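The values are calculated or read from the model by the stated rules, or taken from the named source; none is laboratory data. None of the values given here were measured: they were computed from a predicted structure. Cβ placement follows ideal geometry from the backbone for every residue including glycine, while neighbour counts extend to all protein chains displayed. Heads up: the accessible areas ignore ligands, DNA and RNA and are worked out on the full protein's heavy atoms, side chains in. Shrake-Rupley method; radii C 1.70, N 1.55, O 1.52, S 1.80 Å.
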Amino acid sequence: MADLDQYRERSLETWDRIADHWAAERQWLWRHTEPVSRRLAERLAAKPGDVVLDLACGTGDTGFLVARSIGPDGKVLATDFSHQMLDRARQNGDEQGIENVEYRVLDAERMDLPDDSVDGVVCRFGYMLMGDPVQALRETRRVLRDGGRVTFAVWAPPEENVWAALPAGELIQRGHIPPPEPGDPGIFALADPARIADSLGQAGFADHAVEQVAFDWNYEGPEQHWDLTIKLAGPLADAIEGIPEPEREEIREAVGKKIGAILEQRGSVSALVHVVTAS
């Protein structure tokens, strides 16, 4: 089991470091992942005047979808534990003219928010990377008002997301990162719907539903896949950066050969996401 305090410290350093990369690639990422965010907003079904908490908001676009739907009398609390990432969200919101958003640095596992203070919570690709997702979900349940719901997205299993599984598998095979242990945080930590159900139950949610949203990454080639992996993939990017250049090139070539074969066969690389709604 990972040392969660060390994990949290490293995770914060990583996301602060790569925030500029996420801002630079924001439009490319949004073009591909927008269907996930739109489904989250649809399932949240926020009403005009609602207060909605966006956890691990990244560059903010998912919360901005909700902000447009709740009107000027509503408010989105756009939050992230990374100061740098939150600054990029604020810049993005200003550029888009989004005015009904408050930006706040917030630890999802220890929220500085009152009980029963928000009408809904949305979180895209956040819970699975948190040190203790059950604790984060307990906090989510605490701040939700009666009748409120949370919608969140997590990645489905590795075999459905080879864009991430292939580089991770190569690093595991070469001994640069350990195989994930049950309960460890990571991109596939909540890939199993049974663990999602168990986590929600421990957190106090009575009802939930899981559905899938599929989309394709339209990489121009294996070189773009590799470049975006080392720019955007959080802990995986850190592990790759620490490998000496000759072996890093070997890994790049090995991953690129497999990704290139997929692109040659079908023109894109598929991705699958669990969209979860709970109340």
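Taken about its Cα centre, segment 1-146 carries a charge dipole of roughly 500 debye when the Cβ of each Lys and Arg holds +1 and the Cβ of each Asp and Glu holds -1.
Between Gln202 and Asp112, what length in nm is gained on full extension when 0.36 nm per residue of separation is reduced by their alpha carbon distance?
Values: separation 90, 0.36 × 90 = 32.40 nm, distance 2.11 nm.
Once the chain is fully extended between Gln202 and Asp112, it gains 30.3 nm.
Label zone (Gln173, point 7 Å along Cα-to-C-beta; backbone nitrogen cut-off 19 Å) within segment 202-234: 222-223, 225-227, 229-230.
When each of the peptides 80-87, 225-232 is scored by how many other beta carbons lie within 10 Å of its residues on average, the order from highest to lowest is 80-87, 225-232. Here the simple spin-label model places points 7 Å from the Cα toward Cβ, and for Glu159 and Glu249 these points are separated by 3.6 nm. Inter-part distance, segment 1-39 to segment 165-179, computed on C-alpha centroids, equals 20 Å. For segment 137-279, with all protein chains in place and a probe radius of 1.4 Å, 50% of the accessible heavy-atom surface sits on carbon or sulfur.
With an 8 Å cut-off on Cα pairs and a minimum separation of 6 or more residues, tell me the relative contact order of the chain in percent. Could you put the intermediate results ahead of the total?
Values: 507 pairs, mean separation 58.6, N = 279.
Value for the chain: 21 percent.
For Glu25 and Ala194, the difference between the fully extended length at 0.36 nm per residue and the C-alpha to C-alpha distance is 57.5 nm. Rounded to the nearest 500, the 222 nm mean residue ellipticity of the chain from helices alone is -16000 deg cm²/dmol, with -39,500 (n - 2.57) taken per DSSP H run of at least 4 residues. The radius of gyration of the Cα set in segment 231-279, together with its Dmax, comes out at 15.4, 50 angstrom. If you line up the long axis of helix 83-96 against the longest principal axis of the chain, both from Cα atoms, how many degrees apart are they, to the nearest 10? Taking Cα atoms only, the helix is inclined about 70 degrees. Ordering Pro35, Val52, Gln84 by the projection of their Cα atoms onto the charge dipole of segment 1-130, which places +1 on the Cβ of Lys and Arg and -1 on the Cβ of Asp and Glu, puts Pro35 at the extreme positive end.
One chain, two ends: Leu12 and Asn218. Fully extended at 0.36 nm per residue, the span grows by 71.3 nm beyond their Cα-Cα distance. Using a simple spin-label model with pseudo-atoms 7 Å out from Cα toward Cβ, His83 and Gln265 lie 4.7 nm apart.
What label, among [x] 19.2; [y] 20.6; [z] 18.7, belongs to Kirkwood radius over Cα pairs in Å computed from the structure on display? Only one listed value fits the structure, namely [x].
Counting DSSP beta bridges with both partners in the chain, what percentage is antiparallel, nearest 5? Mind dumping the intermediate values first?
Details: 16 of 35 bridges.
Bridges in the chain that DSSP calls antiparallel: roughly 45 percent.
Taken per residue, the accessible surface of the chain reaches 46 Å², heavy atoms only and a 1.4 Å probe. Taking segment 96-139 and a reference point 7 angstrom along Cα→Cβ of Ala45, the backbone N atoms nearer than 19 Å belong to 118-123.
Of the heavy-atom accessible surface of segment 25-82 (probe 1.4 angstrom), what whole percent is carbon and sulfur? Provide the component values of the computation, followed by the final result.
Values: 1070 of 2200 Å².
Its accessible area is 49 percent carbon and sulfur atoms.
With r as the distance between the Cβ atoms of Arg38 and Lys231 and R0 = 30 Å, compute the FRET efficiency 1/(1 + (r/R0)^6) and round to 0.05. Could the numbers behind the result be given before it?
Details: r = 25 Å, r/R0 = 0.82.
Using R0 = 30 Å, I get an efficiency of 0.75.
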